[in-house]
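*Asks:* Before I ask anything, let me first share the structure, which is written out below as structure tokens.
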Amino acid sequence: MKKKTYLSGKAFALLGAWQLLGTVALLYGPALWLYAAAIPCIGLLLYWDRKRLPRREEWSITFKGQSTIRLHEKQVWTWQLGLAEFRQVAKVTFHFPFLPLYRSNHEAVPLGADFRQTIIHQNVSGFQLGQETISSVFVLVVSRAAFWKQLLEISVAPLPVHCKPSLAKVPPEHLAAALQRLQSLFHGSRQLLKQRSRDQFHSIREYRHEDDIRNIDPRKSAKKGQLMIREYDSLIQHHLVIGLDLGRSLTGLMNGSQKTHYYLEGIIALLQKAIAANDKVSFFAFNQDIVVIRKNIRSIRGIREILDLEGQLIAEDVESDYNLIGEALSHIDQQRCIVLILSDIARPAVQTELLKAMRQIAGKHLSMTMGILDKESDFRQNEILPVPVVNSGDAWAKDVYVYWLEQEFQEFAQRMIQIRSGAVLCPEHFWLDMSSKLYMRLRDSLLI
């Protein structure tokens, strides 16, 4: 945007006085000379005042602070505004940059007239998940005599602003209640491994001097004509497989943000937690087809690859084929894994299809489905759409509808436990913390 310079109200008042003088001159002849002499004087005054305005090149703006903000959490940004040389102006107004990702306490702040450098504080709070870039800010300058106003768009170093879900800690009693409901699942994970070795077979290689001779494979050694050793993966190191449903259940908004943004941030948090625990991680996304598969993520580089896929990980308005979960797992690993499926499991239609798909998976893998319970879809005030929406003015019908949804999910969670799987809805405000803690509790249950 080019700079926009225009006359102020004071300038128009001056021109109005000059026109009034012209009217008087029509009635009183000698005033005509004064009217004529005022023309160059007003022109020179306006020209002189405009030339006193600072040029765009003289402005400099620097940002100081954290450009990553959390949903509903307050943060202070600092802007440093400066001029290359001292200029006398009547007023300067700094307009804070606006993005839908956050809310600010003020849209603009007036500054002192005489300055070369000043510090401006902006209070922001996360409002909507996503990432956008600030590339410029606006400054409104009033000239020294206040005859001109100039609106400047000043470029700044590209500032990526990222709004993420809250890191609020889940209340201990809330987490304890969820763990209590999953207690039989954690116990079942031990039964699942009771007849298995503490280590899982990984591969065969040539014998080295430091190797344990108890791991020598006699058949492979005889076939190769040299000592061959069997390698194992310790159960302390697990393989986490995360599946993301990109079907109709993840379309739409949750508290003003795209649902997929919540789930993608949850996936990144799980990846970071698993890699820090030295676990191997794989990821897949599906709807009516398998959209993407990423195997053996073990580093920050792998997390960046998932972030780069954000443009592909878009929910579509189609019914997901949950039988693809088993197909994806067969491509990823034939060994036992920890499987986390992320979907909007508050929807009864999703619950029915997931229950069918998870029966075979739960027999081999330690599995759990997780979803987000946003405050607007809480079972105590639920308005999600698996059945026709009731009249919001009919309190009795709404209570019945809420009760029905709650009973549907509780029945679904019980059936998932019966097939040795689990189902948990995490409150939106505690999504990142609760999902990570549930995963760590799940993997710790495998330490036998």
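The values are calculated or read from the model by the stated rules, or taken from the named source; none is laboratory data. Predicted, not measured: the structure shown is a model, and the values here were computed from it. Glycine gets a Cβ as well: all are built from the backbone with ideal geometry, and neighbour counts include every protein chain shown.
*Asks:* Out of the strands (runs of 3 or more DSSP E) lying entirely within region 214-287, which hold 1 or more residues that are under 22 Å from Thr369 (Cα atoms)?
*Replies:* The qualifying strands (runs of 3 or more DSSP E) are 239-245, 280-286.
*Asks:* Residues in region 357-376: is at least one in a loop (DSSP other than H, G, I, E, B), of a type in the set (Asp, Glu) and out of contact with any Lys or Arg (no Cβ under 8 Å at 6 or more places or on another chain)?
*Replies:* Within region 357-376, one or more residues are in a loop (DSSP other than H, G, I, E, B), of a type in the set (Asp, Glu) and out of contact with any Lys or Arg (no Cβ under 8 Å at 6 or more places or on another chain).
*Asks:* Identify, please: which residue in region 420-445 is surrounded by fewer than 21 Cβ atoms within 10 Å (Cβ to Cβ) and small (Gly, Ala, Ser) and is, among those, nearest to the chain's Cα centre (by Cα)?
*Replies:* Filtering first and then ranking leaves Ser436.
*Asks:* Among the candidates Ile303, Ile314, single out the residue that is in contact (Cβ under 8 Å) with a residue 12 or more places away in the chain and over 15 Å from Arg248 (Cα atoms).
*Replies:* Step by step, each of Ile303, Ile314 is checked, and only Ile303 is in contact (Cβ under 8 Å) with a residue 12 or more places away in the chain and over 15 Å from Arg248 (Cα atoms).
*Asks:* Additional query: With the requirement that a residue be among the charged types (D, E, K, R) and surrounded by 13 or more Cβ atoms within 10 Å (Cβ to Cβ), what does region 39-54 give you?
*Replies:* Asp49, Arg50, Arg52
*Asks:* Then there's this: Only one of Ile213, Ile300 is β-branched (Val, Ile, Thr), out of contact with any helix residue (DSSP H, G or I) (no Cβ under 8 Å at 6 or more places or on another chain) and over 30 Å from Asn323 (Cα atoms). Can you tell me which?
*Replies:* Ile213
*Asks:* Modelled with pLDDT under 90 and assigned by TED's automatic domain parsing to the domain that holds Leu185: does that describe Val424?
*Replies:* Answer is no for this residue.
*Asks:* Related question: Only one residue in Leu264, Leu244, Leu240 is under 25 Å from His72 (Cα atoms), touching a residue at least 40 places away in the same chain (Cβ under 8 Å) and touching a helix residue (DSSP H, G or I) at 6+ places or on another chain (Cβ under 7 Å). Which one?
*Replies:* Leu264
*Asks:* On to the next question. Taking Lys74 as the residue in question, decide whether it is out of contact with any Pro (no Cβ under 6 Å at 6 or more places or on another chain), closer than 15 Å to Ile134 by Cβ and of a type in the set (D, E, K, R).
*Replies:* When the stated conditions are applied, Lys74 does not pass them.
*Asks:* Another question, if that's okay. Of these, Ser330, Ser367, Ser320, Ser343, which one is within 28 Å of Asp444 (Cβ to Cβ), in contact (Cβ under 8 Å) with a residue 60 or more places away in the chain and not basic (Lys, Arg)?
*Replies:* The conditions single out Ser343.
*Asks:* In the list Ser330, Ser367, Ser320, Ser343, which residue meets the criterion of being on the phi < 0 side of the Ramachandran plot, surrounded by fewer than 16 Cβ atoms within 10 Å (Cβ to Cβ) and of a type in the set (Gly, Ala, Ser)?
*Replies:* Only one candidate passes the filter, namely Ser330.
*Asks:* Counting residues that are at pLDDT 90 or above, β-branched (Val, Ile, Thr) and over 12 Å from Leu81 (Cβ atoms), which strands (runs of 3 or more DSSP E) fully inside region 96-145 reach at least 2?
*Replies:* The qualifying strands (runs of 3 or more DSSP E) are 130-142.
*Asks:* May I ask you to list the residues in region 185-241 that are over 22 Å from His331 (Cα atoms), among the small types (Gly, Ala, Ser) and modelled with pLDDT of 55 or more?
*Replies:* Residues satisfying the conditions are Ser221, Ala222, Gly225.
*Asks:* Look through Gln66, Gln19, Gln80, Gln88 and report the one residue that is without any contact (Cβ under 8 Å) to a residue 24 or more places away in the chain, touching a strand residue (DSSP E or B) at 6+ places or on another chain (Cβ under 8 Å) and loosely packed, with under 15 Cβ neighbours inside 10 Å.
*Replies:* Within the list Gln66, Gln19, Gln80, Gln88, the selection yields Gln66.
*Asks:* What are the residues in region 242-294 that are of a type in the set (S, T, N, Q) and within 14 Å of the chain's Cα centre (by Cα), if any?
*Replies:* Selection gives Asn255, Ser257, Gln258, Thr260.
*Asks:* Let me ask another. Looking at the structure I just gave you, is Leu159 among the aliphatic types (A, V, I, L, M), touching a helix residue (DSSP H, G or I) at 6+ places or on another chain (Cβ under 7 Å) and closer than 30 Å to Ser436 by Cβ?
*Replies:* Judged against the criteria, Leu159 is not a match.
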